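> Pasting a structure here, questions to come.
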Amino acid sequence: MISATISQASATNHSAQSDEELASLARSGQIRAFDELVRRHWAGIRRFLLGYLPHGSSDDVAQETFLRAYRKIEQYDGNRPFLPWLFTISRRLALNEIRSKTRKREVSLPDYSLEKTPETEPPSFGPLWQLAKDRLSADSYAVLRLHYAEDLSIEEVAKVLGKGKIATKVMLHRARRKLSTFSEQLKDNYENLA
(Lines give C-alpha, C1' and ligand atoms only; values in the text may rest on other atoms or scores of the structure.)
Protein backbone atom coordinates (compact mmCIF):
# COMPACT_ATOMS: atom_id res chain seq x y z
CA MET A 1 0.00 0.00 0.00
CA ILE A 2 2.63 2.52 1.00
CA SER A 3 4.95 1.90 -1.93
CA ALA A 4 2.02 2.27 -4.31
CA THR A 5 1.09 5.55 -2.63
CA ILE A 6 4.61 6.90 -2.95
CA SER A 7 4.96 6.05 -6.61
CA GLN A 8 1.68 7.49 -7.82
CA ALA A 9 0.75 11.13 -8.02
CA SER A 10 -2.21 12.23 -6.01
CA ALA A 11 -5.41 11.82 -7.99
CA THR A 12 -7.17 14.65 -6.17
CA ASN A 13 -6.39 18.28 -5.56
CA HIS A 14 -4.98 17.67 -2.10
CA SER A 15 -1.59 19.10 -3.08
CA ALA A 16 -2.76 22.65 -2.31
CA GLN A 17 -3.86 21.76 1.22
CA SER A 18 -1.72 21.99 4.33
CA ASP A 19 -0.57 18.91 6.20
CA GLU A 20 -2.91 19.79 9.04
CA GLU A 21 -5.91 20.02 6.69
CA LEU A 22 -4.99 16.68 5.14
CA ALA A 23 -4.64 15.08 8.57
CA SER A 24 -8.09 16.38 9.47
CA LEU A 25 -9.51 14.90 6.26
CA ALA A 26 -7.73 11.61 6.96
CA ARG A 27 -9.26 11.58 10.44
CA SER A 28 -12.68 11.83 8.83
CA GLY A 29 -11.93 8.75 6.73
CA GLN A 30 -10.58 10.19 3.47
CA ILE A 31 -7.78 7.79 2.58
CA ARG A 32 -6.59 9.93 -0.35
CA ALA A 33 -5.74 12.71 2.07
CA PHE A 34 -3.50 10.35 4.03
CA ASP A 35 -2.00 9.07 0.77
CA GLU A 36 -0.98 12.64 0.00
CA LEU A 37 0.68 12.96 3.42
CA VAL A 38 2.66 9.78 2.73
CA ARG A 39 3.67 11.03 -0.70
CA ARG A 40 4.83 14.36 0.73
CA HIS A 41 6.80 13.04 3.68
CA TRP A 42 8.07 9.55 2.80
CA ALA A 43 11.49 10.75 1.59
CA GLY A 44 12.03 13.09 4.54
CA ILE A 45 11.10 10.45 7.11
CA ARG A 46 13.33 7.91 5.40
CA ARG A 47 16.28 10.33 5.29
CA PHE A 48 15.73 11.13 8.95
CA LEU A 49 15.71 7.44 9.87
CA LEU A 50 18.96 6.83 8.00
CA GLY A 51 20.58 8.86 10.77
CA TYR A 52 19.57 6.15 13.23
CA LEU A 53 19.33 2.94 11.25
CA PRO A 54 20.90 1.09 8.30
CA HIS A 55 19.21 1.35 4.91
CA GLY A 56 16.99 -1.76 5.08
CA SER A 57 15.83 -1.09 8.61
CA SER A 58 15.12 2.55 7.84
CA ASP A 59 12.74 1.52 5.05
CA ASP A 60 10.91 -0.86 7.40
CA VAL A 61 10.66 1.73 10.17
CA ALA A 62 9.52 4.41 7.70
CA GLN A 63 6.73 2.13 6.58
CA GLU A 64 5.83 1.36 10.19
CA THR A 65 5.82 5.10 10.93
CA PHE A 66 3.11 5.73 8.36
CA LEU A 67 1.14 2.66 9.37
CA ARG A 68 1.24 3.76 13.00
CA ALA A 69 0.30 7.34 12.04
CA TYR A 70 -2.65 6.05 10.02
CA ARG A 71 -3.87 3.83 12.85
CA LYS A 72 -3.47 6.64 15.40
CA ILE A 73 -4.59 9.59 13.25
CA GLU A 74 -7.56 10.20 15.56
CA GLN A 75 -5.06 10.97 18.36
CA TYR A 76 -3.42 13.74 16.32
CA ASP A 77 -4.21 17.20 17.69
CA GLY A 78 -5.29 19.26 14.68
CA ASN A 79 -4.30 22.48 16.46
CA ARG A 80 -0.64 21.49 16.32
CA PRO A 81 1.67 21.03 13.33
CA PHE A 82 1.45 17.59 11.73
CA LEU A 83 5.10 17.08 10.77
CA PRO A 84 6.59 17.13 14.31
CA TRP A 85 3.95 14.58 15.34
CA LEU A 86 5.02 12.34 12.45
CA PHE A 87 8.74 12.75 13.21
CA THR A 88 8.07 11.94 16.86
CA ILE A 89 6.45 8.64 15.86
CA SER A 90 9.37 7.95 13.54
CA ARG A 91 12.03 8.68 16.15
CA ARG A 92 10.33 6.54 18.80
CA LEU A 93 10.05 3.63 16.41
CA ALA A 94 13.72 4.03 15.45
CA LEU A 95 14.78 3.98 19.09
CA ASN A 96 12.64 0.89 19.68
CA GLU A 97 14.29 -0.78 16.69
CA ILE A 98 17.75 0.06 18.02
CA ARG A 99 16.85 -1.33 21.45
CA SER A 100 15.44 -4.53 20.00
CA LYS A 101 18.51 -5.10 17.81
CA THR A 102 20.76 -4.49 20.79
CA ARG A 103 18.87 -7.11 22.79
CA LYS A 104 18.90 -9.59 19.92
CA ARG A 105 22.51 -8.79 19.00
CA GLU A 106 21.57 -8.79 15.33
CA VAL A 107 24.11 -7.97 12.69
CA SER A 108 22.84 -5.79 9.89
CA LEU A 109 23.85 -6.93 6.42
CA PRO A 110 24.64 -4.40 3.72
CA ASP A 111 21.69 -3.48 1.56
CA TYR A 112 22.07 -4.58 -2.03
CA SER A 113 18.54 -3.80 -3.15
CA LEU A 114 18.04 -3.44 -6.87
CA GLU A 115 15.61 -0.61 -6.45
CA LYS A 116 17.23 2.78 -5.99
CA THR A 117 15.37 5.56 -4.22
CA PRO A 118 15.62 8.81 -6.14
CA GLU A 119 17.78 11.38 -4.39
CA THR A 120 15.67 14.39 -3.48
CA GLU A 121 18.40 16.62 -2.14
CA PRO A 122 21.20 18.27 -4.09
CA PRO A 123 24.29 16.06 -4.42
CA SER A 124 26.38 18.76 -2.76
CA PHE A 125 24.60 18.06 0.54
CA GLY A 126 25.44 14.36 0.48
CA PRO A 127 29.01 14.56 1.80
CA LEU A 128 28.07 17.03 4.52
CA TRP A 129 25.16 14.93 5.78
CA GLN A 130 27.28 11.79 5.59
CA LEU A 131 30.01 13.48 7.62
CA ALA A 132 27.43 14.62 10.18
CA LYS A 133 25.97 11.12 10.41
CA ASP A 134 29.41 9.54 10.81
CA ARG A 135 30.79 11.98 13.36
CA LEU A 136 27.86 13.17 15.48
CA SER A 137 25.66 11.35 17.97
CA ALA A 138 22.25 10.24 16.74
CA ASP A 139 20.51 13.10 18.59
CA SER A 140 22.98 15.70 17.33
CA TYR A 141 22.50 14.45 13.78
CA ALA A 142 18.72 14.43 14.26
CA VAL A 143 18.61 18.01 15.54
CA LEU A 144 20.64 19.23 12.53
CA ARG A 145 18.65 17.15 10.05
CA LEU A 146 15.25 18.17 11.38
CA HIS A 147 16.10 21.87 11.62
CA TYR A 148 18.04 22.37 8.40
CA ALA A 149 16.94 19.64 6.01
CA GLU A 150 13.32 19.27 7.09
CA ASP A 151 12.83 22.97 8.01
CA LEU A 152 11.32 22.36 11.43
CA SER A 153 11.43 25.19 13.95
CA ILE A 154 13.42 24.86 17.17
CA GLU A 155 10.14 24.29 19.05
CA GLU A 156 9.11 21.53 16.66
CA VAL A 157 12.53 19.85 16.85
CA ALA A 158 12.37 20.02 20.64
CA LYS A 159 9.00 18.30 20.59
CA VAL A 160 10.25 15.52 18.28
CA LEU A 161 13.30 14.90 20.46
CA GLY A 162 11.38 15.19 23.71
CA LYS A 163 13.64 17.98 24.97
CA GLY A 164 13.17 21.57 26.03
CA LYS A 165 13.60 24.50 23.67
CA ILE A 166 16.82 25.70 25.37
CA ALA A 167 18.34 22.21 25.42
CA THR A 168 17.54 21.86 21.72
CA LYS A 169 19.19 25.20 20.94
CA VAL A 170 22.29 24.11 22.86
CA MET A 171 22.36 20.76 21.03
CA LEU A 172 22.02 22.53 17.69
CA HIS A 173 24.81 24.97 18.54
CA ARG A 174 27.15 22.21 19.72
CA ALA A 175 26.38 20.03 16.70
CA ARG A 176 27.12 22.92 14.31
CA ARG A 177 30.33 23.74 16.15
CA LYS A 178 31.47 20.11 16.18
CA LEU A 179 30.60 19.70 12.52
CA SER A 180 32.53 22.82 11.59
CA THR A 181 35.68 21.30 13.10
CA PHE A 182 35.20 18.36 10.73
CA SER A 183 34.57 20.58 7.72
CA GLU A 184 38.27 20.81 6.92
CA GLN A 185 38.34 17.03 6.55
CA LEU A 186 35.37 17.23 4.17
CA LYS A 187 37.06 20.01 2.22
CA ASP A 188 40.29 18.01 1.97
CA ASN A 189 38.43 14.89 0.81
CA TYR A 190 36.47 16.89 -1.77
CA GLU A 191 39.61 18.54 -3.14
CA ASN A 192 41.35 15.15 -3.39
CA LEU A 193 38.44 13.83 -5.47
CA ALA A 194 38.61 16.76 -7.90
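> Can you name the residue in region 93-105 that is under 12 Å from Leu53 (Cα atoms) and among the basic types (Lys, Arg) and is also modelled with the lowest pLDDT among such residues?
It comes out as Lys101.
> I would also like to ask the following. Would you pick out the residues in region 45-58 that are free of Cβ contacts under 8 Å to residues at least 60 places away in the same chain, out of contact with any Ser or Thr (no Cβ under 6 Å at 6 or more places or on another chain) and surrounded by 20 or more Cβ atoms within 10 Å (Cβ to Cβ)?
So the first thing to find is which residues in region 45-58 are free of Cβ contacts under 8 Å to residues at least 60 places away in the same chain, and the list is 45, 49, 53-58.
Now restrict to residues that are out of contact with any Ser or Thr (no Cβ under 6 Å at 6 or more places or on another chain): 53, 55-58.
Listed by number, the residues that qualify are Leu53, Ser58.
> Filter region 23-56 for residues that are aliphatic (A, V, I, L, M) and within 13 Å of the chain's Cα centre (by Cα) and give the result.
Hits for region 23-56 are Val38, Ala43, Ile45, Leu49, Leu50, Leu53.
> Filter region 131-155 for residues that are outside any helix (DSSP H, G or I) and among the charged types (D, E, K, R) and give the result.
Glu150, Asp151
> Quick test of your reading of the structure: Gly78 fulfils all but one of (1) in a loop (DSSP other than H, G, I, E, B); (2) under 22 Å from Tyr148 (Cα atoms). Name the failing condition by number.
(2)
The values are calculated or read from the model by the stated rules, or taken from the named source; none is laboratory data. Here the structure is a predicted model, which means the values were calculated and not measured. Note that we place each Cβ from the backbone using ideal geometry, even for glycine, and neighbour counts take in every protein chain shown.
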